[in-house]
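Peer 1: Here it is, the structure in full.
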Amino acid sequence: MNHAPLLDVKDLRVAFGGQPVVHGIDFTIGAGEKLALVGESGSGKTVSALSLLRLVHNAEVSGQALLQGRDLLALGERELRGVRGDDVAVVFQEPMSALNPLYTVGDQIAEVLQLKKGLTPRQAQAATVELLASTGIPEPARRAQAFPHQLSGGQRQRAMIAMALASSPKLLLADEPTTALDVSLRGQILDLLSTLQREHGMAVLLITHDLNLVRRFADRVAVMERGHLVEQGSVAEVFAQPQHPYTRKLLASTPERDVVPVMAPPDAAPVLQTQGLRVSYPVALPGFKGWFKKGEFVAVQGADLHIAPGQTLGVIGESGSGKSTLALAALGLLPHQGSLRVAGTDWAQAKKAGQDRALRQRIQVVFQDPFSSLSPRLTIEQIVGEGLLVHQPGLSVAQRRERVVTALADVGLVDDPQRGGDWLQRYPHEFSGGQRQRLAIARALIIDPQLLVLDEPTSALDVTVQKQVLALLQRLQRERGLSYLLITHDVDVIRAMAHQVVVMKDGAVLETGPVDQVLRAPEHPYTRALVQAAA
């Protein structure tokens, strides 16, 4: 009986310009097995996996990668082209950038079937619909005619999986296949991969930093740190008794709750209050009706919210639930109906009276992706101090610089404010993801707001950095009495940060209440599904 592994990787080394980034790792994958390659950003997990097919530009790769006895690293480009897709397929992290925006998803899947399977265009079209149907996409024939931007995130990822399965590969490389998806969609995609893996008998190499996904999906796990494979074994063994300190650090990186109960007086004015808040967008009507009038899409309908001083209100829901629209309305960036008051002042009245600038000082925002929200052309001093130019223009250059350095110290970027000037002339690209998010928080805090809108503040970060940023936000809330409107799809973040929670779906508030009550004994079926998917 042959027990040879499907893939046997020996002494894999990867370097760029002579600088090693992967240092001689070894692992195997058996036929039909699910192996998770785990680590933080920069650990080398994605580079290691994609280097097996030589998909990393300018990478210097050595070692062996035996796929059923054939060394992938010794194959010529022509031979390797036959392996890609046929024997080994890839599901990339972000389908919106991996799919061609100029072609329908059906055309892109059909192209693979014609090139790899030799099908006629008519046969490829029929097979495409069958593949899409196997991934659970509703109305697969219609979705095949859609362009990538016309599909939701979950549908795009299913289309990517259908394309990867087109040639019935023996091994599927899934590179962070659920990172950009909501918690409920993550569970659906994992269940889909498990089902397809069993039906096709293929092996899966899952590349991820999400330990909950590993526990739920994989048979074995291999942990990478700075290009080294530090531990591997069965999921049950590694999670129950991790041997390496780095593995223990990853497993201990679940967000911890360290917030104080809200002690605001009963008669204290709320920092944010909405009554019957409604936000809608005009949309074109189909047919000749669209010539004469516009339709309406209601993104938020009848939301009643209340945030007390020093309190965090968590808003959770999947993409399209209206939570980000709610955040933009709270910031005064969208027209709305109903009552919306910040620090006792109505947004609509403040705008009419030309007093909205003063109100904007009381509410600031920290966005999801700090790299795109921080201008690459401005220095740190200019970025963090920009709010002072608007709201406190009377400060001198020296006073403004002092305030910037103090803000950097408050968010933990500078140990000694006297020496913080070394950071001021740097640019955002010179910082890590966690440091950039701290810069975004410093920019928001420098004008002393009462309320911070946190729009997915940790979803782009690794688990260890996420834990650090949440601990920072908790400390700042305790020290400054800040209030937070926390927008997220991560139940663990809500559990760690929020005092009250609001559950939204399709623009409507389905459930609200104290965080312990809602998460421990959810009343609405949708809330129960969210909590269960995060378990």
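Peer 1: Under a 1.4 angstrom probe, counting protein chains only, how are LEU389, LEU285, LEU272, LEU50 ranked by accessible area, largest first?
Peer 2: Correct descending sequence by accessible area is LEU389, LEU285, LEU50, LEU272.
Peer 1: Here is a further query. Grab the DSSP H runs of the chain that are 4 residues or longer, score each as -39,500 (n - 2.57), total them, divide by all residues and round the 222 nm result to the nearest 500 deg cm²/dmol.
Peer 2: Value at 222 nm, helices only, nearest 500: -10500 deg cm²/dmol.
Peer 1: Using a 1.4 Å probe, how large is the accessible area of TRP347, given in Å² and rounded to the nearest 10?
Peer 2: Here the accessible area works out near 0 Å².
Peer 1: Let me ask another. With +1 assigned to the C-beta of every Lys and Arg and -1 to the C-beta of every Asp and Glu, and no other charges, what is the dipole magnitude of the stretch 375-508 about the Cα centre in debye, to the nearest 20?
Peer 2: Here the size comes out at about 140 debye.
Peer 1: Whole Å is fine, so just give me how far the alpha carbon centre of the stretch 73-142 lies from that of the stretch 422-437.
Peer 2: Answer, in whole Å: 40.
Peer 1: Amide H neighbours of VAL56 under 5 Å, counting only residues 5+ apart in sequence or on other chains, H built in-plane at 1.01 Å?
Peer 2: Residues meeting the criterion, in which the H sits 1.01 Å from N, do not exist here.
Peer 1: Using the alpha-carbon centroid of each, what span in Å lies between the stretch 218-252 and the stretch 2-36?
Peer 2: Cα centres, the stretch 218-252 to the stretch 2-36: 16 Å.
Peer 1: Find how much the distance from LEU55 to VAL260 grows on full extension, using 0.36 nm per residue of separation minus their present alpha carbon separation; answer in nm with one decimal.
Peer 2: The LEU55-VAL260 span can extend by a further 68.9 nm.
Peer 1: Enumerate the amide H contacts of THR312 below 5 Å, restricted to partners 5 or more residues apart or on another chain; note that Pro and chain-start residues carry no placed amide H.
Peer 2: TYR484, HIS499, GLN500
Peer 1: Between ASP191 and ASP448, 0.36 nm times their residue separation minus their Cα-Cα distance comes to what?
Peer 2: 88.0 nm
Peer 1: Between GLN19 and ASP219, how many nm apart are label points set 7 Å from Cα along the C-beta direction?
Peer 2: 3.8 nm
Peer 1: Under a point spin-label approximation (7 Å from Cα along Cα-to-Cβ), what is the SER97-SER432 distance to one decimal in nm?
Peer 2: 2.1 nm
Peer 1: How much length would be gained if the chain were fully extended between GLN68 and GLN275, taking 0.36 nm per residue of separation minus their Cα-Cα distance, in nm to one decimal?
Peer 2: 68.1 nm
Peer 1: What share of the DSSP beta bridges in the chain is antiparallel, in percent to the nearest 5?
Peer 2: 55 percent
Peer 1: Along the positive direction of the dipole of the stretch 47-170 (beta-carbon charges: Lys, Arg +1; Asp, Glu -1; about the Cα centre), which of ALA124, PRO95, GLY153 reaches farthest?
Peer 2: Positive-most Cα among the choices belongs to ALA124.
Peer 1: Okay, next question. Points 7 angstrom from Cα along the Cβ direction at GLN361 and GLU77: gap in nanometres?
Peer 2: 6.1 nm
Peer 1: Separate question: Put +1 on the Cβ of each Lys and Arg and -1 on the Cβ of each Asp and Glu in the chain; which of SER483, LEU55, GLN392 then has its Cα farthest toward the positive end of the dipole?
Peer 2: My answer, from the dipole projection, is GLN392.
Peer 1: Which option, (1) 1.11; (2) 1.06; (3) 1.18, is the value of Cα Rg over 2.2 N^0.38 Å that was calculated from these coordinates?
Peer 2: Label of the calculated value: (2).
Peer 1: Report the charge-dipole magnitude of the stretch 24-71 in Debye, nearest 20, computed about the Cα centre from +1 at each Lys and Arg Cβ and -1 at each Asp and Glu Cβ.
Peer 2: 140 debye
Peer 1: Could you run the Karplus curve 6.51 cos²θ - 1.76 cosθ + 1.60 with θ = phi - 60° over the stretch 306-320 and give me ³J(HN,Hα) per residue in whole Hz, x for Gly and Pro?
Peer 2: Running phi through 6.51 cos²θ - 1.76 cosθ + 1.60 with θ = phi - 60° gives 8, 10, 7, x, x, 10, 10, 9, x, 10, 10, x, 7, 4, x Hz.
Peer 1: Then there is this: Put GLU130, GLU79 in order of accessible area, largest first, 1.4 Å probe: what do you get?
Peer 2: Putting GLU130, GLU79 in descending order of accessible area: GLU130, GLU79.
Peer 1: Still on this structure: Long-range amide H contacts for VAL365: which residues qualify at under 5 Å (H placed 1.01 Å from N, peptide plane, sequence gap of 5 or more or a different chain)?
Peer 2: Those lying under 5 Å, H to H, from VAL365 are VAL453.
Peer 1: Counting only protein chains, not ligands or nucleic acids, how are ASP26, ASP490 ordered by accessible area (probe 1.4 Å), most first?
Peer 2: Sorted by accessible area, descending: ASP26, ASP490.
Peer 1: Whats the longest run of the chain with zero trypsin sites (Lys or Arg not before Pro) that are DSSP loop and have at most 14 other Cβ atoms within 10 Å?
Peer 2: Free of exposed loop sites, the longest segment is 1-225.
Peer 1: Tell me the accessible surface of ASP267 in square angstrom (1.4 angstrom probe, heavy atoms of protein chains only), to the nearest ten.
Peer 2: 130 Å²
Peer 1: Please compute the net charge surrounding ARG226, taking Lys and Arg as +1 and Asp and Glu as -1 over other residues with Cβ under 12 Å from its Cβ.
Peer 2: Net charge around ARG226: -1.
Peer 1: Residue-wise, which Karplus ³J(HN,Hα) couplings in Hz belong to the stretch 58-73, taking 6.51 cos²θ - 1.76 cosθ + 1.60, θ = phi - 60°, and x for glycine or proline?
Peer 2: 6, 7, 9, 10, 9, x, 10, 9, 8, 9, 6, x, 8, 7, 4, 6
Peer 1: Here is a further query. If you place +1 on the Cβ of every Lys and Arg and -1 on the Cβ of every Asp and Glu, how big does the dipole about the Cα centre of the chain come out, in debye to the nearest 20?
Peer 2: Once rounded to the nearest 20, the dipole reads 1040 debye.
Peer 1: Given the protein chains as shown and a 1.4 Å probe, how many square angstrom of PHE288 are accessible, to the nearest 10?
Peer 2: That residue has around 130 Å² of solvent-accessible surface.
Peer 1: With θ set to phi - 60° and the Karplus curve 6.51 cos²θ - 1.76 cosθ + 1.60, what are the ³J(HN,Hα) couplings of the stretch 498-508 in order, to the nearest whole Hz, using x for Gly and Pro?
Peer 2: 8, 8, 10, 9, 10, 9, 10, 8, 6, x, 10
Peer 1: Right, another one. Kindly state, to the nearest 0.05, the FRET efficiency for LYS352 paired with VAL390, given R0 = 22 Å and r defined as their beta-carbon distance.
Peer 2: So the FRET efficiency works out to roughly 0.60.
The values are calculated or read from the model by the stated rules, or taken from the named source; none is laboratory data. Computed from a prediction, not measured in an experiment: that's the story for all the values here. When we count neighbours, we look across all protein chains shown, and the Cβ atoms used for this are built from the backbone with ideal geometry, even at glycine. For accessibility, only protein heavy atoms count, side chains too; no ligands or nucleic acids. Shrake-Rupley method; radii C 1.70, N 1.55, O 1.52, S 1.80 Å.
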